[in-house]
Structures are given as structure tokens and as C-alpha cells.
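Beneath this line is the structure, given in C-alpha cells, with notes to follow.
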Amino acid sequence: MRCRQPGHTPLLLLALILLFVSTDVCVAQSEPDPAGSLMADTARVTVAPPTSVIVTDHKYDNGDALELSWVPSIDDRIPGGKVVRYQVYRSVNEGEYLPIQELLPGSNFFLDESLHRDSVYSYYVTAYSRNDSAMSVATAPVSPQREWLHVDRAWLFVIALIISLAVFYFIRAARKGEDLFIRKIAGLEAVDEAIGRATEMGRPILYIPGILDMDDVQTLAAITILGRVARTVADYEIQVRMPVSRSLVMTAARETIKTAYQTAGRPDSYSDDMVQYVTDEQFGYVAAVDGIMVREKPATVFLLGAFFAESLILAETGNSINAIQIAGTARPAQLPFFIAACDFTLIGEELFAASAYLSGEPKQLGSLKGQDVGKFIAMVVIIIGVIAATLAQAWEVPFMQQVYDALTFVFSTQ
Amino acid sequence: MRREVPLAITFFVGTLLIISVFLPPAEGLGEDFTVFFDIIAVFAFFLGGGNLVRVHLTKLSRRKEDWPYSIVTLLGFALMLVVGLFKLGNPGGIAASPTTDGSYFQSIFDSVLLPLGATMYSLLAFFVASASYRAFRAKNREATILLVAAFIILLGRTPFGMALTGFIPEQFDLFQVPNLAVWIMNFPNLAGQRAIMIGIGLGVVSMSLRLILGIERTYLGGDER
Amino acid sequence: MKRSSVIILSVVVLLFLASWLWKASTLSSDPGIVNAWGQAFGITLAAFLTLAILSFLYRDNPFYKFAEHLFVGVSAAFWMVMGFWSTIVGNLVPRLSEGLSSFFKVPFDRFAVNYFYFIPVILGILLLLRLSRDAGWIARWPLAFIVGTTAGLNFIRYLRSDFIEQVSSTFVPLLVGWQGFGHFLDNLDLSATGQLALTVGNWVISLGVFCGLVYFFFSKAHTGVFGAASRVGIWVLMITFGASFGYTVMGRISLLVGRITFLFKDWLGLIS
Amino acid sequence: MTWAPLVSMSNLGVVISLAVIGGGLLWLLYRSLLAKEVDRRVIFLFILVSVAAPLLFPMTFEEQATPVVKAIFDKIESLPEGSRVLISFDFDPAMAPEVQPMANVVTQHCMVKGHKVIFMCLFATGQALLTQSLELIVSEQFPDKVDGIDYVNIGYKAGNEGVLNVIVSDFKKMFPTDVNSVPYDSIGVFKGIRSCKDLDMVFTIGGGKPGVKEWVLFVGDPGRVPVAGGVAAVVAPQMYPYYPKQLFGIMGGIKGAAEYESELRKTYPQFHDVDAPGLRMMGPQTLAHMVIMAFIVLGNVSFIVQKRRDRRRKR
């Protein structure tokens, strides 16, 4: 297990700071009076240059960044230092040195980004006092290197791989006919009933896929669920109303409903008018949907996807017309409002599982069992992590500290 | 062809973007593809805008219910489009941002869109009240927990929270309502949020895999049936 | 139109004009204001639209319908214009064409040219084939591209921020500031920042997350011990929902305070 | 006095509107006891009145300071006259409506106690807000306070937490002059002050970055300076882990400011006539909150009555 060691640079800096703090008192005593400092304005304040300027490649990039570090000028002490700023100069392909970045006193590091792999760069750093400056030795010319693998994301890769493999495994197992138990999800059990109610009442179904575009996963989930809902709806003679707030969602939803009607063997019942674009504007869309709700009084309202503040406006209006409402979102901040105002709410993960659940196909259900493996891993890791954190903090058990460090390292987001 | 090509595209693009996270030379792909998406979305405006105009023109020509309002929509749409695309009245001309102060575009935004959006948003104050009245009832154990948690937090935000429980001495001040509210926000609330988020993370991973592998294809060629 | 509606409509129109006139006369007395008539119209219109939306709370009515339809038309065009200028002109043009860049007066950098950006243009055009009856199926290609992009990008994004990060931040010690049992008993109190409150809090976090996850389990029946844990999970979720609901109320009310302040102050001048 | 949360009731409008709301609620309670549901439009009307009335007839509710806010008040109150307090305006115009009242009320308190205050900001856009507060509070309410002797405005310096990193050990290095270019050494407030370590306390307002957290990490902890913070309401829960060790007090949102203003009015009655934006803005919020809570109670009353009745019918 690789644990991170602090480099020497911070230690060195710490030592320097300690040194300066210890000289604090005498500096304070030798502080000149105001008149003296006025005279000092005209006097030359000489300054020593930064030393040991080192340039190294920035790791795990496409060869477009270099790291520059140095030991601050010995006149850059806190407090009472003479250095007022540093200036980094850079030369590209052995050309002229140009100033590229100004830094505060105490700085000892600079990351230079947006470089080109095929050029060579050299640097020097200049320390400035009020009226003097001193430049460091220039570095030898270097090119940024490109790495092919993001080695520090190895653990992210491993975690992604384990969860993916679990999903694959159960999809395969289900395909082979292994019997899988999936518990009932109340909100999804209610879908058929809700559609049936609309049929009985002869009123339309309103389907709202959230207010974000197709680049949000929740919208994608809403569209996949739409496929299942439309498949059921196609069997009945009921109207689907789907106002949307994004043009791409309109196109995708039409494609989805059309396919569902074709599969159900009723391609003629499909019409593009089922899906209607309103506006991209959040509250403009809400105003229009509220209008549709009170004027057409749908029997069933689906609110599935990404919702923001409008969640409660829509759900309360839907409630006022006595519609059955099935809601679902993965935005934790909006869930309370759906819970309060809707009949059924799909909480977070259930929204993403809904399409698979409704399909009833074994391989789709298999993927849900794969997700459970992820949850199991999370639970085990949390138990170990909590125990390790407790023992490491309360009784300072060294082994537990190592376990804790190792776990936080593996579960770190680089 | 009609089904295989789209499935292959989804598989290729999805896999590429997942792998690119681990390959520094390809790391910029994610950003590029996000911009690609934005560009395609603007092309889609032709479909959306066209649909909006068509729906309201049909309503108008067939004299459907509420047809006069369709004139409002169409006029507002045309006006804003012309004013914005030609940057009419923009003090900075074509090079300036369309929302420069003083441009007609920005003026319409300020006196039409801003009040409309803000007022629509403010309807929440009313709906929050009607939802609380109906939903926070002690119907069963779960609903009671919901009610109690909400009530403590609400009470903690008014002077009465402190007035009612301010007498509690410092050693027990966890039970002063404002402190209890903070404790609930910091611990049980956080726990619930985390459980939901961990579930969401897994749900997205699994759904993405189903889409990339073409198991979920309702939006394309539908089921294999 | 019914007679009563005509009367109501004319009253509203008259009130609107009166407000415009009155506002213009009050504003023009302020030397700092340049275009009093224009500003007075803007404020009156904003006030009218505010009231029109609020009237929806009573019931659907012609004024709400007017405001709604205006909102839809104007805002749809607003976002299309913004999309055109910021995405097409701002992001696409400078990457493809120097001529167009100089036409739109956007800065052009030779090194930023990237012909890969023809991909979205082609996909965008394919998407428009949706309008054709025969070639409509090609529109599925750009859709497939978009679905692949969203799935691929969010796979890692959510794995990191919602799974890995939330798991690792749950490694909390079950004994906070532990210095032995005696010390614990000596300092035992129920103050909000005391050892006990924080310790119990961490127990709640770790057990809460654990039971919450049990609730989300799909492939195991929620019975027995498992069922009990899942019930605790629901309770934790209910506290979360109740607390977040209660916490948000204040922010929602302040939105209404903002609108009413606009009406009383900027429009009617009732309060200073 | 635990009760009597109403302080300014002199106004007839206030009395009438409260009577209307209270009477209406009582009538609804009577109907709920008969198991009648309240129509949503009635609820809407109550919300509208409870927000509009306090705006028309200024209505303030006396706030009881919570311990986190009281700690700040007590600290400033207990410091001897002439103590050095630093107030940092770390917010931009977007955050200002929610957090500026806190900055103002703490400034008022420091001025009335006769502390010497150093004003600064870490947000470039905070400069204008700082000037605005100084004019509103110091110039108008404390005209005898002298710039440079009783307070100083050293303004904005770029560098975010880098600025803090320097001033924790040396003020002059970062702020050689104040905003009016008066050199550091001729500013009376700074006499005997080299760095943040010499300050008696720091109060920082702003939940962004850099903000309260950075002050704690870069100044409070390393310099052992007492730091208190004021943040927007949504950020407040994230600050509690630092209380009370690293942050001796926290003010959250308008409510925090209102509590402080209440406390200030209690100790210094002369502030009763001065505008208290926190209390003023809390008026509609508090009233609407209480109306919502009343409706939750009403909902449960009619629910319980209904349930009883159903049970009796079954028998």
C-alpha cells in the first residue's frame, strides 16, 4: 500500500518559518521610527536572489505543464522581509526571457500550464525589494513530458472496474436464467394503476421529464422510463401530453414514444403532437406546464428527471387538480417537496433503476443486483473505516491509523 | 443499419469517454464533447423553435380554444428573436455581448422576463405553506418523524424557539431548539443525504453501463421483441 | 367576449395607463433619471406581469394566460439568441473559420482552429433530417452520440463525487475527543458542542448511512434484521426530508418578500 | 423576559393586521375542530397578508440571541474600551443583502463600545460595500469618530488567503498604507500592532472563499487570535464544526443579524430608533413562519378529529 509522504519542500519551509518567527522579537525591537523609514525610502534596499530554482515535469498530463520550485530569498522572511514580490520569467525555445507571473512574498512554487510538448522552456525567478531586485540562476531548458497513464487514478479505475464487473456478472447470470429476486418498488408498482386510472377517466397523462437537457443523466433516466410508460399507454386509447423545455429532449422523446407505439403494433396512433417544445427558460416552462395542468386536468402526472425550485410549484398544482402524481429525482434538495406533495416518489437510485425494473427483462434486473454489490462494498468499507478511525483516534492504535490512511487513500478523488 | 449504427456510436463514444479519464493525452476529450453537445443543442433549437411556432400557428388558424393568446406568444418570440439576433439598440454594436446594458434585448429582459421569472419563483412561498398544511400530518410513524423534524427546524428559525427553550442551562443546551435544529442538520440530515448520494452514484454507474452496452435502448430501436 | 370581461379588461387597461402616467410624472421630477417615460413603462409593465402571475393562485384567468404566453414566447427566443451568440459565434466560429470570425468580430486564434468541431456541425445537420419523412431515422445517430456522451461522462463523474467521496467522508470516529472513560464521565454534559453530542452525532451518521443503504437494497427481501435496518433507514431519510424542507422555507419566503417589496416600493412608492 | 417577543406594536396597522391574522387562525381552528379542511386559497391569503403587513407597517419581533451569536456579543461587550478589532468584509454584492446587516451591527457595537476598528476586505468588489457601510454607520451615527484614530479602512489587497498568510505576522508588509494612502506608521489605530496576533479579535463576514474558513485556518489557528464569523444561512451549518474552539461565535444569515440587533438594543436602548435591517427583514419571515407552523397544527387537529370521528362511526 502506498501512502503519501510529505515532500521536503514543506519541511524546509516550516524550518524557515520557525527561524523567522524566532527572530521576530529582535526585528521588532530594531524597527526604525517613522522618520527613519522615510529616509529608508530613498536608500537602496538590497535583496538576495531566490536559490535552487528547479523545474520538473508536472505529472500525469498531456505534456502541457511544468512545475517550478525554488528556495525563497533569504531576505524573504516573515515578518520584516525586504522582498515585496517575486516575478517568474520564462524563455520559450531559448528565446527572450519574458515575465509571466507575479507572486506574493513567501511563494516557492509555480505551476506553468498550457505549454507545448515540442518546445523547450527555461525559467528564472527574480526577487524584488522596494527598489532593488535580484535574479536567480536560470534553469536548463526542459520540455514537458507526456504520460500515457494517469497512475494516481489507479484506484478509481479499480473501483470502477469492480462495480462494472459486478454488473456484467449479474447481467450474464440473469441471461443464463438464474432466478433473481428484486423487491417491489411501490412507486413503480403504481405506474400501471395510474395509467389505468387515466383510461377510466378519459383524461390525458402528463409526462414531465425535468428541466435539464439530454446531457444530464436524470433526463436520460426519464427518457428510458418514458419508453416503458409509452409501451403501456400504447395499449390504451389515451392521450399523452409531454411539454418539454429542451429541443433535444423533444426529439429524443418523440423517437422513444414512436418506437414504443411501433412495438405495440399501433404506429398509426402515434403523433408528433404528443411532445411539444415550450421554452428553455425554467420558470417560463413552469408557467406553461401549470397552465396545461389546470386547463386539461390530466388524471396522472409523471414528474421524473432533474428538478430544481419548480419541483414544488409543479407538484402542488398537480395536487390541486387531484391528479395521481408519480415523481422521482436524484436531486436530494428537491426530494422533500416531492415526498410532501406527490403520491409516490422515486428516491435517487430508484429513478435510475426504474426503467430496468419496469422492463421486467432478466438481464436488466441483473444490473440492479450488480448495483447492490456496490452498496455492499460501500457498507463493508464504511464499517472498516469507522472502526479504524475510532481506534486510531481514541487509542492511537498505529495499525489502525495505517488502515485508515490506506482506505482514505484508495477512496480519494484525484 | 438503422439499429446497429446508433448502438455502435453509443458504445464507442461512451467507452472512449470513460477510458479518457485514465489517459492524460485524451483527458481533454470530456470538455470537447461537452462543447460538441452544446453545439448540437443549438442546432436542435431549429426543431424546438419550429415546433413552438407551428403549434401556435395551428392553434391560430384552427381557432382552437385560447387562440388569441397564441398571437402573444408568436409576437413575443419574433420580437425577441429579431432584437437579439440583430443586436438592435446595442450600444456596443455587433461585437458587444447581447446582454449589454441599454440594448433592447436587455431592456426586454429586465422589464418582462425578470419580473415574470421572479414572481413565478415566489409562488413557492405559497406552495410551501399549502404543502406543509397537507403533508405534515401524523398519519403513521414515518409521517410523524417527517413532521417532528420539520417542526423543530421551523421553530428553530423563529424567536419562539429560543423563547420557549432558552431557560435550559448551558450543560444541556443541545435541547435548546436552535441548537437541536443545527444538530439535526449536521448529523441525521447529513446521514440521509449521504445514503441517497451513494445510491445515486451506483444507480448512474449501472444505468450508464446498460446504455453503453445497448441493453437499454428504448430511445433507439426499442426492445428486441 | 362577454360584457363583464370587456369591462374588466378596460378597467385594467385604464389602470395600466394611469400607473404609467403617474409613474412617469414622479420619475421625471428626479433629475438623475434620463428616460422617465421609458422607465415608467418598464416598471408598470413589470408590476402588471407580477400581479398577473400572482392571480394564478386564485385561479386560472385571462391575465395569467397572457403573462404565461408572453413568458413562453419571449423566453424561448431569449435562450435561442443566447445559444446562437455564445455557443455558435463564441465557441464554434473561431475554431473553424477566420472569415466568419471577422464577420462576427470575435477574436480568431490560428492555434485554436480544430477541425474536429465539424463533428457536431455534421451531427447537428443530421439531427435536422428529423424533419424529413424518409431520412428521419438518421436523426438517431446524433441522439446515440449524445446518449453515449452523457453516459460516459457521468459514469466517472458520479462514481467520484457521489460514491467514492461520500463513502470516504463517512469514516468518522465513534468516540470524539476520547481521553479515557473517567474523563468522559467527568465531563459528561448535553451541551450542543459537548463530547456526547458530537459522539452521538457520529454514531447517527455511520448507522444512518448504513441503514439508508440497506433501504436501497433491491435484491434482498426487507424482512427480519434486514427489514428492521431498512426501516431505520427510512426513518433517517424522513428526518432528512423533514429537516431540509423546514430549512428551505425561509429562503422561499424571502423570494415573496422581494416581489412584494418591488410592488410596494418601486411601483407604488408606499415604503422607502 | 422570555416572552413578549413583540416590541414595536405602537402602530395601529400592526395591531390590526395581527388581529386579523390571529382572529382568522382562531376561526380556522374552530373549523378544524369540526374536522373541516382549509381551502388552499385561504392558506395563500394568510401567507400574502403575513408577508405584506410587516412590510407596510414595520413589525419587528424581539429575537433571543442563540449561544453562537451571544458569544460574539459578549466578547465585544467584555473587551475593554480601546481594544483592537478587525472587521473583514469578505463578500460581493450578490451576497450583500444577506450578510451586510451583520457587518453593520457589529460595527455599531464596536463603535459604541469605543473599540478601535480596522476594516478590510478580501473581495475586490467588497471595497464599495465596505465604504458604503462606513458611511452609513460610522459617518452618520458616530460623527465624532475620527478616521485613523478610532478606526481605519485599509481596503482590499489581492491575494486571497495569501494576504492572510502575510498579515498573520506582518500587517505593514501587506498594507503599507490605508485606502487614503496614509502610511501605516502614522495611523493611530495601528500603534503597537504589528500583526494579527496583536488584535483582540477578528470578525469576518462572508461564506465564500476566501472567507470565514480561511480566516480560521490562516489567522485564527496559527496566530491564536479569537475569530468569529458571519455567513449566509445556507453556509452556517458547515461552520458549526469550528465552534467553539476555532470560531468563538457564528452568525447565520438575516436571523443572526436580527438576534444581534436585538441584543444590542437591549443593552444600548439608544439603538431603538436606529434602523435594524436584520430585525426589519425578519418581520415578514417570522410572521410567515409562524403562520405556516399554525397551519401544520391546524392540519393535525382536523386530521385527529377526523380520525376519532371515523373510529366512533365504526363502533
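The values are calculated or read from the model by the stated rules, or taken from the named source; none is laboratory data. This one's a predicted model, so the numbers in the text were calculated from it and none came from an experiment. Note that we place each Cβ from the backbone using ideal geometry, even for glycine, and neighbour counts take in every protein chain shown. The protein model used for the area step is the full one, side chains on, heavy atoms only, and it has no ligands, DNA or RNA in it. Shrake-Rupley method; radii C 1.70, N 1.55, O 1.52, S 1.80 Å.
Points worth noting:
- Among the residues of B:73-82, the average count of other protein chain beta-carbon atoms within 10 Å of the residue beta-carbon is 6.
- Dipole magnitude (debye, nearest 20) for chain B, charges at Cβ of Lys, Arg, Asp, Glu: 1000
- Lys/Arg +1, Asp/Glu -1 at C-beta; the protein assembly as shown dipole; positive extreme among B:A125, D:P277, A:S136: B:A125
- Selection from B:G92, B:M80, B:F12 lying farthest towards where the dipole of the stretch B:1-110 points positive, charges on Cβ: B:M80
- For the stretch D:81-86, putting each phi into the Karplus relation 6.51 cos²θ - 1.76 cosθ + 1.60 with θ = phi - 60° gives couplings of 4, x, 5, 9, 10, 9 Hz, in residue order, rounded to whole numbers and with x for Gly and Pro.
- The amide H of B:N90, built 1.01 Å from its N in the peptide plane, has B:Y104 as neighbours under 5 Å, considering only residues 5 or more places off or on other chains.
- Residue with peak Gaussian network fluctuation, chain B [Cα springs, cutoff 10 Å], from B:F33, B:F167, B:F136: B:F167
- Between A:T199 and C:L270, the simple label model (points 7 Å from Cα in the Cβ direction) yields a spacing of 5.4 nm.
- Each Cα pair of the protein assembly as shown feeds into the Kirkwood radius, which the Stokes-Einstein equation turns, at 25 °C and 0.890 mPa s, into a diffusion coefficient of 73 µm²/s.
- Cβ-based net charge around A:R241, under 12 Å, with every Lys or Arg adding one and every Asp or Glu removing one: +1
- Contact surface C-A: accessible area buried, both sides summed, square angstrom, 1.4 angstrom probe: 6000
- Surface burial for B against D, with a 1.4 Å probe and both sides summed, reaches about 3100 Å² of accessible area.
- GluC sites (Glu not before Pro) lying in DSSP loop within the stretch D:25-79, provided at most 16 other Cβ fall within 10 Å: D:E37
- Computed FRET value (nearest 0.05) for B:F175 with D:Q238, which takes r as the C-beta separation and R₀ as 22 Å: 0.45
- Chain A: angle of helix A:398-410 to the longest principal axis, Cα-based, in degrees nearest 10: 70
- Distances between every pair of Cα atoms in the stretch D:1-134, grouped in 10 Å steps from 0 to the bin holding the largest one, split as 10, 25, 25, 22, 13, 6, 0 percent.
- For A:D57, the residues whose amide H sits under 5 Å from its own are A:E67, ignoring neighbours fewer than 5 places away on the same chain, with H placed 1.01 Å from N.
- Restricting the trypsin sites (Lys or Arg not before Pro) of the stretch D:208-302 to loop positions (DSSP other than H, G, I, E, B) with no more than 15 neighbouring Cβ atoms within 10 Å leaves D:R224, D:K245.
- Shielding by other protein chains, A:349-362, mean Cβ within 10 Å: 5
- Under the span-like rule (Cα at least 15 Å along the axis, Kyte-Doolittle mean at least -0.5), DSSP H helices of chain B: B:4-20, B:29-61, B:67-85, B:114-135, B:141-156, B:188-212
- Protein heavy-atom accessible surface, 1.4 Å probe, per residue over chain B: 38 Å².
- By average C-beta atoms within 10 angstrom, highest first, the peptides B:113-122, D:41-50: B:113-122, D:41-50
- Buried solvent-accessible surface, both chains (B, C), 1.4 Å probe, Å² to nearest 100: 10500
- Between helix A:247-263 and chain A: long-axis angle, C-alpha atoms, 0 to 90°, nearest 10: 40
- Each peptide among B:64-71, C:39-46 gets the average number of other Cβ atoms lying within 10 Å of its residues, and from highest to lowest they stand as C:39-46, B:64-71.
- For chain D, hydrophobic long helices are taken as DSSP H runs at least 30 Å long by C-alpha position along their axis with mean Kyte-Doolittle hydropathy of -0.5 or more; these are D:12-33, D:277-314.
- Dipole magnitude (debye, nearest 20) for the protein assembly as shown, charges at Cβ of Lys, Arg, Asp, Glu: 4640
- A straight line joining the Cα centroids of the stretch D:155-174 and the stretch D:40-58 runs 48 Å.
- Nearest-20 debye value, the stretch B:136-214 charge dipole, Cβ charges on Lys, Arg, Asp, Glu: 400
- Accessible surface of the stretch D:29-108, 1.4 Å probe, proportion on carbon and sulfur as whole %: 62
- Span-like helix criteria (full DSSP H runs; alpha carbon extent of at least 18 Å along the helix axis; mean Kyte-Doolittle hydropathy of at least -0.5) are satisfied in chain C by C:3-28, C:36-54, C:62-82, C:140-158, C:195-216, C:224-261.
- The distance linking the stretch A:50-100 with the stretch B:139-213 is 48 Å (Cα centroid to Cα centroid, whole angstrom).
- For the stretch A:207-222 versus the stretch C:110-133, the spacing of their alpha-carbon centroids is 23 Å.
- Loop sites here are trypsin sites (Lys or Arg not before Pro) outside DSSP states H, G, I, E and B with no more than 12 other Cβ atoms within 10 Å. The longest part of chain A free of them is A:185-414.
- The stretch D:67-270 shape via C-alpha gyration tensor axes, a/c threshold 1.5: rounded
- Kirkwood hydrodynamic radius (C-alpha pairs) into Stokes-Einstein, the stretch A:51-135, 4 °C and 1.567 mPa s, D in µm²/s: 96
- Of the GluC sites (Glu not before Pro) in the stretch A:90-134, those whose Cβ has at most 13 other Cβ within 10 Å and which sit in DSSP loop: A:E94, A:E96, A:E113
- Share of carbon and sulfur in the accessible heavy-atom surface of chain C [1.4 Å probe, %]: 69
- Residue with peak Gaussian network fluctuation, chain D [Cα springs, cutoff 10 Å], from D:P143, D:P97, D:P58: D:P143
- Out-of-range pairs (alpha-carbon distance over 23 Å; input D:K116/D:K172; D:K209/D:K266; A:K297/D:K36): D:K209/D:K266; A:K297/D:K36
- Inter-chain Cβ neighbour count for D:36-44, averaged per residue, equals 5 (cutoff 10 Å, partner chain atoms only).
- Here the stretch B:136-214 is treated as a sphere whose radius is the Kirkwood value from Cα pairs; by Stokes-Einstein at 4 °C and 1.567 mPa s it diffuses with a coefficient of 86 µm²/s.
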